[in-house]
Amino acid sequence: MIRGQRGQVLAFIAVALAIVVMPVAAYAVDSATVSAAAAALEEATATAALEASEQLDVIAFRAAGALAVDGTAARRIAQGVIAAEVPMASVSSVTVSRAEVTIATREEVQLPFDFFPERSVHLQASASARLSGGYDRPSSFLPLPSSTF
């Protein structure tokens with residue numbers, strides 16, 4: 001080995017780290033940030049739709065016996081759930097059609113690194129839920145197989 005070539009591998013590794021590894025790490029952190037925010041937004045939107053669908057329109061139920069969602073209460077509940085679970089998100093729309101609620105949300109996520117030309121990502125999520133009839137307490141007339149006793 002020639003004396004003038006000592007340390008070239010160390011210099012090469014330093015340059016390779018700066019050119020290859022650092023951008024890959026920045027991309028990985030940005031991707032993980034966006035992925036986590038998208039999952040949180042989708043989960044909060046689904047929860048908001050489920051909670052909003054449970055808001056029975058009592059007046060319509062008493063008048064006609066029909067299951068319908070109270071639109072005003074559904075909007076209020078959906079906005080409350082989104083504000084509590086994903087504070088940076090907002091509710092784009094709440095659509096109530098009889099017993100079904102559809103909620104659309106959006107969020108702008110700031111990226112931690114300057115790797116991409118855009119400094120933020122716009123996320124959107126949508127979820128639907130339906131109000132359905134149920135029961136308050138279990139009945140003693142449930143079919144149970146007698147061979148298991």
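Numbers for the structure displayed
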{"read-out": "Any pair with Cβ under 8 angstrom, 6 or more apart, that starts in the range 100-114 at a residue that is surrounded by 19 or more Cβ atoms within 10 Å (Cβ to Cβ) and ends at one that is basic (Lys, Arg)", "value": "101/130"}
{"read-out": "Candidates 61, 115, filtered to the one that is modelled with pLDDT under 90, among the aromatic types (Phe, Trp, Tyr) and within 30 Å of residue 31 (Cα to Cα)", "value": "115"}
{"read-out": "Yes/no for residue 69 being under 20 Å from residue 123 (Cβ atoms) and touching a Lys or Arg at 6+ places or on another chain (Cβ under 8 Å)", "value": "no"}
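Here's the yes/no breakdown for (1) within 19 Å of residue 37 (Cβ to Cβ); (2) in contact with a His (Cβ under 9 Å, 6 or more places away or on another chain); (3) among the aromatic types (Phe, Trp, Tyr); (4) exposed (fewer than 15 other Cβ atoms within 10 Å of the Cβ):
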site	(1), (2), (3), (4)
51	no, no, no, no
71	no, no, no, no
91	yes, no, no, no
119	yes, no, no, yes
122	yes, no, no, yes
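The values are calculated or read from the model by the stated rules, or taken from the named source; none is laboratory data. Just so it is clear, the structure is predicted and the values come from calculations on it, not from any experiment. So basically every Cβ, Gly included, is an ideal-geometry build from the backbone, and we count neighbours across all protein chains shown.
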